[in-house]
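Peer 1: The structure follows.
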Amino acid sequence: MILLLHPRATKPKNRRLPLAVLSLAAVLEGREEYTLVDGNLDPAPGESLDRLMRDKPAELLAVSVMPGPQMVAAIPLCRAFREKYPAVPIVWGGYFPSLHPDAALNASYVDYVVRGQGEETLLELLEALRGRRELGSVRGLSWKDGSGLHVHNPERALRSPNEFPWLPYHRLDMPRYLLPTFLGSRTAVHQASIGCPYRCNFCGVVPVYGGQKMESPARTAAVLEHLRERYGANAVQFYDNNFFLREDHARELAGRLRPLGMRWWCEARVDIVLGYSDDTLRKLRDAGCTMIFFGVESGSDAVLREMRKNLRSEQVLELARRIREFGIIPEYSFIFGNPHDADRDTRETIAFIRRVKRINPQVEIVVQTYVPVPQREGMYGGVDGQIRFPDTPEEWATDRWFRFTIRTDPRLPWLPGHVKRRIDNFELVMASRWPTVQDARLPRWSKLLLRGLSSWRYALGIYDFPLELRWAQNWIKLRKPRFESL
């Protein structure tokens with residue numbers, strides 16, 4: 001028996017299909033006995049693990065761990081499991097152990113770490129545990145030798161989703177995962193590719209995956225048709241880091257998705273979509289493309305070069321103008337806090353966002369504070385010598401580093417408190433002046449209230465001390481408790 005654990009990572013109303021452990025389940029299906037435990041659905045995953053162990057002891061506990069809330073949830077579950085079942089090996093996979101393999105292995109309850117794509121690595125690890133191969137031959141695996149030293153095997157090459165079986169959706173209570181969003185009443189999630197071919201030096205995807213592999217448009221459409229026909233899905237969020245690359249691929253995909261009648265959201269690059277023809281953009285809109293998330297990051301060409309974005313600010317402005325013609329909502333993400341001059345960077349980024357909004361008021365703005373992650377070729381801003389990452393999951397789970405991970409109060413040496421407050425205040429004014437269409441639970445009256453309270457601030461560029469907006473946001477949250485249990 002193989003136990004696949006997906007620790008809780010979000011609120012129940014934001015629950016989505018646990019794609020990480022489902023991908024592992026896909027290669028185990030039909031060849032190994034396994035059980036899925038999803039902490040986003042199961043209110044007591046620890047008790048479920050105990051019950052499963054009583055029914056049939058497991059050979060391995062495989063845990064998917066993202067930085068932040070999911071890592072914090074994984075620690076007590078794995079610690080308790082190790083105390084009760086010390087003979088059962090525990091392996092962590094996912095972004096956290098892939099970015100911080102030594103910190104993960106420093107935990108007494110973590111025996112192995114799978115870095116990057118995990119399907120083949122898991123199967124080969126099982127062979128090694130059964131004495132059929134050497135641990136050192138398992139690519140993508142990190143482990144502890146007999147003396148406790150950490151061993152990091154060579155990287156594993158990426159494989160396309162086409163080369164793996166379909167996800168075993170039948171092993172889940174699917175109706176409980178298809179929840180309402182602004183896209184539709186029963187929204188599914190799907191990942192049609194893995195990795196990213198670009199080398200941006202601030203991104204956590206780059207050090208984990210050395211490239212990108214995509215599934216065919218035919219397979220993407222077939223999976224979505226299955227989700228629609230079998231489970232009633234009527235919308236989808238694509239979790240790809242770059243959903244669009246080649247235009248011919250995008251055109252074929254649009255042609256195959258249009259008959260499904262599903263609205264969808266995805267991520268893409270500004271320069272790629274800007275290079276598409278009007279006809280292709282029209283076809284994407286007609287195929288259900290409702291919103292595209294773009295990692296813009298900065299309005300400064302110098303900063304974009306430093307980030308290795310291979311992007312220019314004029315392309316960002318041109319896309320905002322052009323995409324408006326096709327009724328697709330662009331979602332622009334910006335990273336505030338350049339380590340060389342966070343104050344100046346904040347002022348310039350705010351000014352650039354205002355230019356974007358003048359060109360296309362429908363552009364949704366996502367505000368992020370730069371929080372570095374380990375990079376193979378140096379971190380953005382040259383901050384390698386200015387920060388020391390924690391050595392254990394327990395330290396990562398402390399309040400100081402948890403806030404760092406979720407960006408609420410990262411306490412960075414190059415980010416003064418008054419600059420961080422200005423970023424937060426600007427974000428609040430922006431979110432109030434243009435409430436996102438993605439919050440399907442936000443009543444119309446609350447949007448009108450927020451717009452009314454924030455319009456003068458945005459018009460005059462006054463962002464300091466938005467106490468009335470904080471009060472209004474909190475009051476609105478109290479007025480809609482019935483939506484929080486969805």
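Peer 1: Run TRP445 past the list (1) surrounded by fewer than 18 Cβ atoms within 10 Å (Cβ to Cβ); (2) touching a residue at least 60 places away in the same chain (Cβ under 8 Å) and report the number of the one that doesn't hold.
Peer 2: With (1) surrounded by fewer than 18 Cβ atoms within 10 Å (Cβ to Cβ); (2) touching a residue at least 60 places away in the same chain (Cβ under 8 Å) applied to TRP445, the lone miss is (2).
Peer 1: Where residues in segment 123-170 are over 26 Å from the mean Cα position of the chain (by Cα), among the charged types (D, E, K, R) and part of a loop (DSSP other than H, G, I, E, B), which of them is nearest to ALA62 (Cα to Cα)?
Peer 2: Per the stated criteria, the residue is ARG130.
Peer 1: Consider TRP414 carefully, then state whether it is over 22 Å from the mean Cα position of the chain (by Cα) and within 30 Å of PHE96 (Cα to Cα).
Peer 2: Against the criterion (over 22 Å from the mean Cα position of the chain (by Cα) and within 30 Å of PHE96 (Cα to Cα)), TRP414 qualifies.
Peer 1: Return the total of residues in segment 382-415 being over 13 Å from GLY68 (Cβ atoms) and among the small types (Gly, Ala, Ser).
Peer 2: Here the count works out to 2.
Peer 1: Follow-up question, since we're still on this one. For segment 171-182, which residues satisfy the criterion of being surrounded by fewer than 17 Cβ atoms within 10 Å (Cβ to Cβ) and assigned to a loop (DSSP other than H, G, I, E, B)?
Peer 2: ASP173, PRO180 - these are the residues of segment 171-182 that are surrounded by fewer than 17 Cβ atoms within 10 Å (Cβ to Cβ) and assigned to a loop (DSSP other than H, G, I, E, B).
Peer 1: Let me ask something else about it. One residue is enough: does segment 183-192 have a residue meeting the conditions of a type in the set (Gly, Ala, Ser), outside any loop (DSSP other than H, G, I, E, B), exposed (fewer than 14 other Cβ atoms within 10 Å of the Cβ) and touching a residue at least 12 places away in the same chain (Cβ under 8 Å)?
Peer 2: Applying the first criterion (of a type in the set (Gly, Ala, Ser)) to segment 183-192 yields 184-185, 188, 192.
Narrowing the set further to residues that are outside any loop (DSSP other than H, G, I, E, B) leaves 188.
Pick out the ones that are also exposed (fewer than 14 other Cβ atoms within 10 Å of the Cβ) and you get none.
Among the residues of segment 183-192, not one is of a type in the set (Gly, Ala, Ser), outside any loop (DSSP other than H, G, I, E, B), exposed (fewer than 14 other Cβ atoms within 10 Å of the Cβ) and touching a residue at least 12 places away in the same chain (Cβ under 8 Å), which makes the answer no.
Peer 1: Condition first: in contact with a Phe, Trp or Tyr (Cβ under 7 Å, 6 or more places away or on another chain) and either surrounded by fewer than 17 Cβ atoms within 10 Å (Cβ to Cβ) or of a type in the set (Asp, Glu) (or both). Now tell me which residues in segment 412-437 satisfy that. Give the steps one after another, and end with the answer.
Peer 2: Within segment 412-437, the subset in contact with a Phe, Trp or Tyr (Cβ under 7 Å, 6 or more places away or on another chain) is 422-423, 425-426, 429, 433, 437.
Hit for segment 412-437 is VAL437, nothing else.
Peer 1: Being buried (at least 16 other Cβ atoms within 10 Å of the Cβ) and closer than 15 Å to VAL437 by Cβ is the filter here; which residues of segment 324-335 pass it?
Peer 2: Across segment 324-335, the qualifying residues are ARG324, ILE328, ILE329, PRO330, GLU331, TYR332.
Peer 1: Specify the residue that is farthest from LEU123 (Cα to Cα); the eligible residues are those in segment 133-159 that are hydroxyl-bearing (Ser, Thr, Tyr) and modelled with pLDDT of 95 or more. Explain how you work it out, then say what you get.
Peer 2: Step one: filter segment 133-159 for residues hydroxyl-bearing (Ser, Thr, Tyr), giving 137, 142, 147.
Okay, now just the ones that are also modelled with pLDDT of 95 or more, so 137, 142.
On the way: SER137: 12, SER142: 15 Å.
The extreme case among them is SER142.
One line per residue, one yes/no per condition, for (1) assigned by TED's automatic domain parsing to the domain that holds THR369; (2) of a type in the set (Lys, Arg); (3) assigned to a helix (DSSP H, G or I):
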| position | (1), (2), (3) |
| --- | --- |
| LEU442 | no, no, no |
| LEU450 | no, no, yes |
| ARG457 | no, yes, yes |
| ASP464 | no, no, no |
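The values are calculated or read from the model by the stated rules, or taken from the named source; none is laboratory data. Predicted model only: the values in this text are computed from it and were never measured. As a convention, Cβ positions derive from the backbone with ideal geometry for all residues, glycine included, and neighbour counts pool all protein chains shown.
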